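Structure record follows, encoded as structure tokens.
Derivation of every value follows stated rules applied to the coordinates shown; laboratory data play no part. These numbers were taken from a predicted model, which means no experiment stands behind them. Virtual Cβ from ideal backbone geometry, glycine too; neighbours counted across all protein chains shown.
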Ligand code: DI6
Ligand code: FE
């Protein structure tokens, strides 16, 4: 069989079906950017390839997927971090001009090109660890044009680098100062202007909201979801991060791709997510950085069969993190997730959280040939080590 490239003498974690799908004597073949075979060498058809890559027993996994980031923003919050270390409260920092509003002001002031360039630094850090698909949210513009500018910047990232980008409109992230005291007025703008514009211009693949005491109420979130649905866009939700507003169940009601954070998710929320197939995207970096003490209900999610994805939540305020490998370690250490769950969380389940389960996230014929090739002896090393990157090579759409 004629193909473009074959990787042989590899060990595979295919992530096909359940579990890691480990194969000792593995071979992957690609044609026109797609996998045409991933399995044992013994059972493989005879391939006639333009290029034959010998992997010397290295492990191949699907390219990693980061399904929740806020990569596009301007400014930095390191000073705020210092103030917090010195004992300042969130309110004091906000009064001193810090917090999410400072990132909003910097993002509004930045050119689209400046947003792209600063996001590229963060994206390159992800790519260096084998990431091939990244979700990128807006949410620091908080007015129509700056939100659209952020989404355009997100789309541009996918033109400057060979990664797959999914852009998510997060207009309902925080209340901008112009709408102080009038959150419903701001939601009118999100529903009446931002969502229609992002949909018409093809700038968003999904719509997200921050349903929280310091964000938006469940009924405001519902309005956002209804507008997204009316424009044919799937939804996701920041839910149950700091309190239980039953956002997980609300997301499930709308068939959301994912509900994210979920530290305060209760049993009915777990059941609702299980029934709708909504993925639980867990964000241990934010849990760590804000020194949260209540972990998400992993055992209940596991028991109910809710798919669990993992992401960096890369953002300047609560998770200034650009390492998906460290996320896996944190999920194991802080949340007691298994190696299998951690690796699936940044591949197969992360793809599901983006509605891309048919496209990426496992080594299976027909999927995009996005690979990460590792200098490791067993998959557990990807989860076990901290601050060490064993990536040997990466492949985007069959090209290395
Ligand atoms: N949850 C968070 O923790 C962040 N956004 C969100 O929806 C906070 C973002 C920031 O402080 O910049
Ligand atoms: Fe987030």
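Here are the numbers for the structure shown:
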| read-out | value |
| --- | --- |
| The chain: angle of helix 99-109 to the longest principal axis, Cα-based, in degrees nearest 10 | 80 degrees |
| Helical contribution to [θ] at 222 nm, DSSP H n ≥ 4, -39,500 (n - 2.57), averaged over the chain, rounded to 500 | -10000 deg cm²/dmol |
| GNM flexibility winner over the chain from 135, 43, 292 (Cα, springs under 10 Å) | 43 |
| Residues 70, 238, 264, 231, sorted so that the one with the fewest Cβ neighbours within 10 Å comes first | 231, 264, 70, 238 |
| Quarter of Cα convex hull surface for segment 80-227, i.e. mean projection, nm² | 9.6 nm² |
| Where labels lie 7 Å past Cα in the beta-carbon direction, separation of residue 56 and residue 375 in nm | 0.9 nm |
| Relative contact order (%) - criterion: Cα under 8 Å, at least six apart; region: the chain | 19 percent |
| The chain: angle of helix 112-127 to the longest principal axis, Cα-based, in degrees nearest 10 | 40 degrees |
| Separation of alpha-carbon centers, segment 192-220 and segment 326-400, rounded to whole Å | 29 Å |
| Choice from 261, 246, 68 showing the highest fluctuation, given a GNM over the chain with Cα pairs closer than 10 Å | 246 |
| Order of 107, 278 under a 10 Å beta carbon neighbour criterion, fewest first | 107, 278 |
| Cα centroid of segment 147-162 to Cα centroid of segment 249-292, whole Å | 27 Å |
| Two-decimal ratio, segment 36-135, of alpha-carbon radius of gyration to 2.2 N^0.38 Å | 1.75 |
| Helix 324-335 axis, angle to the chain major axis (alpha carbon atoms, nearest 10°) | 70 degrees |
| Most fluctuating residue given options 181, 305, 215, as computed from a GNM of the chain linking Cα atoms under 10 Å | 181 |
| Distance between segment 3-30 and segment 76-122 - C-alpha centres, whole angstrom | 43 Å |
| Amide N of segment 269-303 lying under 15 Å from the label point, which is placed 7 angstrom from the Cα of residue 81 along Cα→Cβ | 285-291 |
| Cα-Cα P(r), the chain, percent of pairs per 20 Å interval | 29, 57, 14, 0 |
| Computed FRET value (nearest 0.05) for residue 293 with residue 32, which takes r as the C-beta separation and R₀ as 56 Å | 0.65 |
| Residue order, fewest to most beta carbons within 10 Å, for 193, 145, 263 | 145, 193, 263 |
| DSSP-defined antiparallel bridges as percent of all bridges, the chain, nearest 5 | 40 percent |
| Potential lengthening between residue 333 and residue 113 on full extension [0.36 nm per residue; Cα-Cα distance subtracted] | 75.4 nm |
| Length added when fully stretched, residue 389-residue 230, from 0.36 nm per residue minus Cα-Cα | 52.9 nm |
